[in-house]
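Computed from the coordinates by the stated procedures, all read-outs in this text should not be read as laboratory data. Bear in mind that the values here come from a model prediction, so they are computed numbers and not experimental data. Please note: Cβ atoms are built from the backbone with ideal geometry, for glycine as well, and neighbour counts cover all protein chains shown.
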Amino acid sequence: MTLTTNFLGLPLKNPILVASGPWSRNASSIQKSIDAGAGAVVTETIALETGVNIRPRIFKNNGSLFNTMLYSSLALEQWENEFELIDKKDSHIICSIWGASPSEISYVATKVERMGADAIELSISAPIGAKNENFFTNPNDINKFVNAAVKSVNIPITVKLSYNASLSSSIASSIERAGALGISAIDSLKALQGVDIESQKSLMPTYGGYTGEHIRPISLATIATLAQFTSCELSGIGGINNFKNVLEYIMLGASTIQIASAINLNGYGLISQTINQLENWLIEHSYNNINDIKGVALKSLVPYEDIPVKNLKSRVLDGCTDVDCAKCYSCCIYDAIIKEDNKPKVIKELCTGCGLCVQMCSKCFELVWE
Ligand SMILES: Cc1cc2nc3c(=O)[nH]c(=O)nc-3n(C[C@H](O)[C@H](O)[C@H](O)COP(=O)(O)O)c2cc1C
């Protein structure tokens, strides 16, 4: 069984990449991901202008994070020194870069290629700060930026998109036309953690990037959609916590995945653990190659308009023991569930088969053909 794959023309030992962020901020942090077995590591975003680390800058809510970080606080020259210190072994370094104009992108791209980057990830739509706001809605601008990078270097380019930018087929095709081989999706979502209603102040001092497990469903849908309308290779990013999430992304058409917040929350050990568990799953399921499962779940997705309306209705199962839990009565907005003889009862004429009672309590309900 092999996890080897090819991404942007790079032969990777596995499809597990480490995403751009402060866990890839310098040589020693990048080395930790390489030593943990990552197929490739994406650096924190490198720009001509250095980023400022405001304090505090990371806020946590269950399994998700809100961050107010823009790009690397190291200057290009410092990155040159860091590169000298990295032992790439059999891994690869993808430099995430940002520029305020096509000529700046071209300059930074050339620099990182000379430093030894194996590929470039263009970060064009981070939701933090005001600088990116106008770029990501305009396919022509994106085309110019991407083309500037493609023309300047001989290494492959992937473009990292926000959720908003990923929804546009004209943006995806402008990236393809500009010569990029990949799309990495998604970047953080623009978000606010909440408001302290007593002090009447925002919990965060500025808009931040929302990341972690709660964004996974959004990113999975984005990758599935992109897989169906672009020929670019895809790197899935968003809420990847374990090997099962890796499989979900690959089954929906991603060639590689990138882990971000989960490393911040759990440490670099998560990388080797995920690789081992992924390997075991593939062996247990008799796959010889990770690529055998690429995109396999896409055929189970059909357009909404093509889904036949089945005559399904809810039925109460014998397993219902807690009649007082009342979850089923409360969630049925069709008034189809009532309490009779101390048990829930479905009024068939009112049940529209929405399925929510089964989701609320699979012990008590099932959907059956009428
Ligand atoms: C603290 C933090 C810093 C980040 N910095 C960058 C960055 O410099 N460049 C970039 O392209 N993405 C950056 N990201 C976004 C991640 O690479 C990734 O796209 C996002 O976190 C979604 O993945 P996740 O849900 O697994 O965290 C950052 C995310 C976090 C949480």
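Longer than 18 Å from Cα to Cα, which of K160/K244; K13/K88; K89/K244; K160/K190; K13/K299 are they? Say none if no pair is.
K160/K244; K89/K244; K13/K299
Could you list the GluC sites (Glu not before Pro) in region 83-134 that lie in coil according to DSSP, counting only those with at most 16 other Cβ atoms within 10 Å of their Cβ?
Loop-located and lightly packed - E133.
Have a look at the DSSP beta bridges in the chain and tell me what percent are antiparallel, nearest 5.
Percent antiparallel among DSSP bridges in the chain is about 45.
Once amide H atoms are built 1.01 Å from N in the peptide plane, which residues 5 or more positions from N289, or in another chain, come under 5 Å H to H?
So N289 has HN proximity to T2.
Given H placed 1.01 Å from N in the peptide plane, which residues other than close sequence neighbours of K190 have an amide H under 5 Å from its amide H?
Amide H neighbours of K190, under 5 Å, 5+ apart: Y210.
Quick one: 3J(HN,Hα) in Hz for region 171-183, Karplus 6.51/-1.76/1.60 with θ = phi - 60°, rounded, Gly and Pro as x.
Couplings: 5, 4, 6, 5, 5, 4, 4, 6, x, 6, 8, x, 10 Hz.
Provide the per-residue ³J(HN,Hα) series for region 39-47, in order, calculated from phi with Karplus coefficients 6.51, -1.76, 1.60 and θ = phi - 60°, each as a whole number of Hz, with x at glycine and proline positions.
Values per residue, Gly and Pro as x: x, 7, 10, 9, 6, 4, 5, 9, 9 Hz.
Sticking to Cα atoms, compute the Rg of the chain to one decimal and its Dmax as the biggest Cα-Cα distance, whole number, in Å.
Looking at the chain, its Cα Rg and Dmax stand at 23.5, 77 Å.
Using the Karplus equation 6.51 cos²θ - 1.76 cosθ + 1.60 (θ = phi - 60°), what ³J(HN,Hα) coupling, rounded to whole Hz, does each residue of region 246-251 give in order, writing x for Gly and Pro?
Using θ = phi - 60°, the values come out as 4, 4, 4, 4, 5, 5 Hz.
Which is farthest toward the positive dipole end of region 5-300 among I197, G269, N140, measuring Cα position about the Cα centre, with Cβ charges +1 (Lys, Arg) and -1 (Asp, Glu)?
Positive-most Cα among the choices belongs to I197.
Compute the distribution of all C-alpha to C-alpha distances in region 308-369, in bins of 5 Å from 0, and list the percent of pairs in each, rounded to whole numbers.
It works out to 4, 20, 35, 25, 11, 2, 1, 0, in whole percents.
Evaluate 2.2 N^0.38 Å with N set to the residue count of region 75-231, then give the Cα radius of gyration divided by it.
Against the empirical 2.2 N^0.38 Å value, I get 1.14 for region 75-231.
Placing +1 on the Cβ of each Lys and Arg and -1 on the Cβ of each Asp and Glu in region 32-133, which of S64, V112, W98 has its Cα farthest towards the positive end of the resulting dipole?
It is S64, whose Cα lies furthest towards the positive end.
Using 7 Å Cα-to-Cβ label points, what is the I293/D341 separation (nm, one decimal)?
4.6
Would you kindly state how much longer the chain becomes between S101 and L367 on full extension, computed as 0.36 nm times their sequence separation minus their alpha carbon distance, in nm to one decimal?
90.2 nm
Suppose each label sits 7 Å from its Cα in the direction of the beta carbon; what would the S330-K310 distance come out to in nanometres?
2.9
Are there trypsin sites (Lys or Arg not before Pro) in region 255-328 that DSSP marks as loop and that have at most 16 other Cβ atoms within 10 Å, and which are they?
Answer by residue number: K310.
How big is the charge dipole of the chain about its Cα centre, in debye rounded to the nearest 20, if each Lys and Arg gets +1 on its Cβ and each Asp and Glu gets -1 on its Cβ?
220
How large is the charge dipole for region 1-132, taken about the Cα centre, if only the Cβ atoms of Lys, Arg (+1) and Asp, Glu (-1) carry charge, to the nearest 20 debye?
Once rounded to the nearest 20, the dipole reads 480 debye.
When only C-alpha pairs under 8 Å and at least 6 residues apart count, what is the relative contact order of region 161-215, in percent?
Answer for region 161-215 is 31 percent.
Looking at region 5-93, send over the antiparallel percent of its DSSP beta bridges, to the nearest 5.
70
Counting helices only, and only those DSSP H runs with n ≥ 4, report the 222 nm mean residue ellipticity of the chain as the sum of -39,500 (n - 2.57) divided by its residues, in deg cm²/dmol to the nearest 500.
-9000 deg cm²/dmol
Could you tell me how far the Cα centroid of region 12-69 sits from the Cα centroid of region 160-182, in Å?
Spelled out, the Cα-based centre of one part sits 23 Å from the other.
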